[in-house]
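Here the structure is laid out as structure tokens; the discussion comes afterwards.
What follows is calculated from the coordinates using simple rules that are stated; it is not laboratory data. Nothing here was measured: the structure is a model prediction, and the numbers come from that model. Glycine gets a Cβ as well: all are built from the backbone with ideal geometry, and neighbour counts include every protein chain shown.
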């Protein structure tokens, strides 16, 4: 059971990559302006306007309502139909407006999707300023304004691009009409965290190698005041982290590492201690069990779990959520090479468990095994991991929801409630012990996976559960990390799914539930 090059091996020099993306990982989001008075007159005041109305009212005191009523008559629509399909129309002064109704009986996800659809034609013109006018009762206006601001922030900052031509201008200002003294710190923090996760995931694999990723994390840590510790290949060899190192052997450059970030000084952080773990495979070829081109495309996304963990750490830092976060990122690549691990090897994980390798494309559970072990040794109250882990979760749920599995039933229930609250829907799957039978090995303590592929998301969870030292643990399999055409609040294919969910989940834990 080889562990790659010896202790005195010299890493192959990294290539000189001079292509640098011209963007900020954490963008300057649009400045919010909150105005108590409702918007009465749009003449000359705005070029881009979103009007949000409550459902169930036939008449409303909104500007240019006669223009809307005429447009609805022309299209053969009734005002109530704005609750299922927003309408875009030009105003008499040349401005562009979008109109929709939101129904309190509908889910947060439904609200976010409608707001995204309504804002898209407005934001497609890359305005410097977006006006949002909300009508109805006080509670409705406050709720609608919060989610509208979040959707505008998430979609108002473009993802990095290397296309020629004029750079796209981000949204600079959001003006909210009809609300007063509205605290939008939570929505802004979630949007910043989501944008960070999406921007990292969006980067092409030649710009986000493990070495480049670690350099970016160092920059973030310095900027945000996070503690940083790196377990590089040399250190992991000394620790005998054989599961992680088996995968890292495939990369020519010994740049893989487990990176630990801590939020502030322990003495200054009250509340529960939470370990966040993220899978950070910067590119996944499948190794010797090579993926076909169709399934290798977009495999730079396979570090999305680590990006979501970073985005959640950023949001929690901004909000000063009173929990202590230790973030563990498993950063590597899964490449095909003469040194890469192969089927039928037996490797020894950091906690002493011997693993029979069955399929080299099941690398995520290998790097997570040793990372979870390190996280568990710090004795957190709860461990939460994010990973684009199994294809079977995508088969089970598609790309519009993600799956959660836990070794405590209450954690799974809390996870689903958090998803409903913020529009990032999750489905809980059971993890019964009898599934361990499929992972029984004749030559090692456990098989890495099976070749049958049935219920692999459950088998992967049963495998990972061996490495959490029976601490409360929740696993998020990010089948919704990429959704064609966008999902919920987010208009890009890369969704950043998990950041808003994680903020809600952490704030719930803060209140004493665990």
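Using packing as a proxy for protection, rank 159-169, 199-209, 459-469 so that the peptide with the highest average count of other Cβ atoms within 10 Å comes first. Present the calculation step by step, with values, prior to reporting the outcome.
Numbers: 159-169: 10.0, 199-209: 20.2, 459-469: 22.4.
Per-residue mean Cβ counts within 10 Å order the peptides as 459-469, 199-209, 159-169.
Our summary gives the chain a relative contact order of 16 percent, counting only alpha carbon pairs under 8 angstrom and 6 or more residues apart. Over the chain, dividing the summed -39,500 (n - 2.57) contributions of all DSSP H runs of at least 4 residues by the number of residues returns a 222 nm mean residue ellipticity of -10500 deg cm²/dmol. Looking at region 35-175, send over the antiparallel percent of its DSSP beta bridges, to the nearest 5. Percent antiparallel among DSSP bridges in region 35-175 is about 20. Footprinting exposure proxy ranking of 458, 26, fewest other C-beta atoms within 10 angstrom first, gives 26, 458.
Spin-label model, residue 77/residue 181: points 7 Å from Cα along the beta carbon direction are separated by 3.7 nm.
Full extension of the chain segment joining residue 65 with residue 173 gains 36.4 nm, where the gain is 0.36 nm per residue of separation less the Cα-Cα distance.
Decide, for region 356-514, between rounded, prolate and oblate: order the square roots of the alpha carbon gyration tensor eigenvalues as a ≥ b ≥ c, take rounded if a/c falls under 1.5, and otherwise choose prolate if a/b is larger than b/c, else oblate. Since a/c reaches 1.5 but b/c is at least a/b, the shape of region 356-514 is classed as oblate. Each DSSP beta bridge with both residues in the chain is either parallel or antiparallel, and the antiparallel ones are about 35%.
Estimated at 0.36 nm per residue, the fully extended path between residue 291 and residue 337 surpasses their Cα-Cα distance by 15.1 nm. With 0.36 nm allotted per residue and the present C-alpha distance subtracted, the residue 408-residue 138 stretch has 93.3 nm of extension available. Among rounded, prolate and oblate, which fits region 57-190 when a ≥ b ≥ c are the square roots of the eigenvalues of its C-alpha gyration tensor, a/c under 1.5 means rounded, and a/b larger than b/c means prolate? Verdict is oblate for region 57-190.
Shape analysis of region 191-510 places it in the rounded category; the axes a ≥ b ≥ c from the Cα gyration tensor give an a/c below 1.5.
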